[in-house]
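To start, the structure itself, in structure tokens.
The values are calculated or read from the model by the stated rules, or taken from the named source; none is laboratory data. Because the structure is a prediction, the values reported are computed rather than measured. Ligands, DNA and RNA are excluded from the accessible area calculation, which covers all protein heavy atoms including side chains. Shrake-Rupley method; radii C 1.70, N 1.55, O 1.52, S 1.80 Å.
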Amino acid sequence: MSQHDMVLDNQSGASFRADLNNALQAIATNQSGSSGPATTYAYQFWADTSAGLLRMRNAANTAWITIGLLGVPNFGHILPGSIVFHAKNTAPSGWLKANGAAVSRATYADLFAEISTTFGAGDGSTTFNLPELRGEFLRGWDDSRGIDSGRSFGSWQADLLKTHIHNYLAFPNGAGAGGAALNSANTGTSSSPTTEPTGGAETRPRNIALLGIIKI
């Protein structure tokens, strides 16, 4: 008798046969398509081609669990609500553009369970808003560190220049180009001289424009 046969003999009985039968039938019900298959057995798989996701039925057979992307190696599960930047101007399967749109709470239930109405309540009942990343830079949430204090998680922040001064040199009244240069505070005049404007419409670092997307 082989070792394999001995294992089967040691685990014989109605319970083992029922478990094996259920496992085989669950495998047989594995399906692909845009709509969910019949959910007779726990642990069966469904290749959800509409969302581009691989899903598995949970142990209680009450819900589908997303376990990975179709056609993409699963190097650790990518959680709904994860943000990445994509080097293409359209979102791939299983992702949405992070463009502030109002989307269905039912259709994107996994994502809604993660982010809820943090970025907007949509119509207040059937939809919710995605983060709006178009044209924005990202900043790590302060989370009580004290560098960017007073911020609510997920809140938007306008641009700002840190308070600073510029030294401004001016000539005394009546002095020509050969006169002594003085700081404007020492000219003895009541005027408020200004420098010539420079710059553009916004303050920004060097950057590259990519598509912000969010996992559903």
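Shown are 84, 103, whose ranking by accessible area with a 1.4 Å probe and every protein chain present, most to least, is 84, 103. The lysines within cross-link reach of residue 97, meaning a Cα-to-Cα straight distance under 28 Å and a gap of 8 or more places when in the same chain, are 88, 215.
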